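One structure is given below, encoded as structure tokens.
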């Protein structure tokens, strides 16, 4: 299975994932990035931090970008069918 790296861009800061994580495919890597972005977004909202420009990039072992997840695109409203 391939390894993917999750690099975080937070305003002018860049956090590189040196270890990576194995996922069965690109879709699974993207889903993990979305979940991480929502968790980080929730923490920023609790602290009153402006959400503008933060994103997570998923990269393959060759350094190619396979997914880019923007924090501001992550809030999800609950589906009424879940009631």
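The values are calculated or read from the model by the stated rules, or taken from the named source; none is laboratory data. It should be emphasised that the depicted structure is a prediction, and the values quoted were computed from it without experimental measurement. With ideal geometry, Cβ positions are generated from the backbone for all residues, glycine too; neighbour counts draw on all protein chains shown.
Apart from one condition, residue 36 fits all of (1) surrounded by 10 or more Cβ atoms within 10 Å (Cβ to Cβ); (2) modelled with pLDDT under 85; (3) under 17 Å from residue 15 (Cα atoms); the exception is (2).
Determine, yes or no, whether residue 67 is in contact (Cβ under 8 Å) with a residue 12 or more places away in the chain and outside any strand (DSSP E or B). No; evaluated as a whole, the condition is false for this residue. Taking segment 18-41 as the range and being assigned to a loop (DSSP other than H, G, I, E, B) and either in contact (Cβ under 8 Å) with a residue 40 or more places away in the chain or in contact with a helix residue (DSSP H, G or I) (Cβ under 8 Å, 6 or more places away or on another chain) (or both) as the test, the residues that pass are 20, 23. Is segment 6-14 home to any residue that is free of Cβ contacts under 8 Å to residues at least 12 places away in the same chain and assigned to a strand (DSSP E or B)? So far as segment 6-14 goes, yes, one or more of its residues are free of Cβ contacts under 8 Å to residues at least 12 places away in the same chain and assigned to a strand (DSSP E or B). Within segment 1-20, the residues that satisfy the criterion of being surrounded by 15 or more Cβ atoms within 10 Å (Cβ to Cβ) and under 16 Å from residue 63 (Cα atoms) are 2, 4, 5, 6, 7, 8, 9, 17, 20. For segment 42-59, a residue qualifies if it is assigned to a helix (DSSP H, G or I) and farther than 13 Å from residue 75 by Cα, and the qualifying residues are 46, 47.
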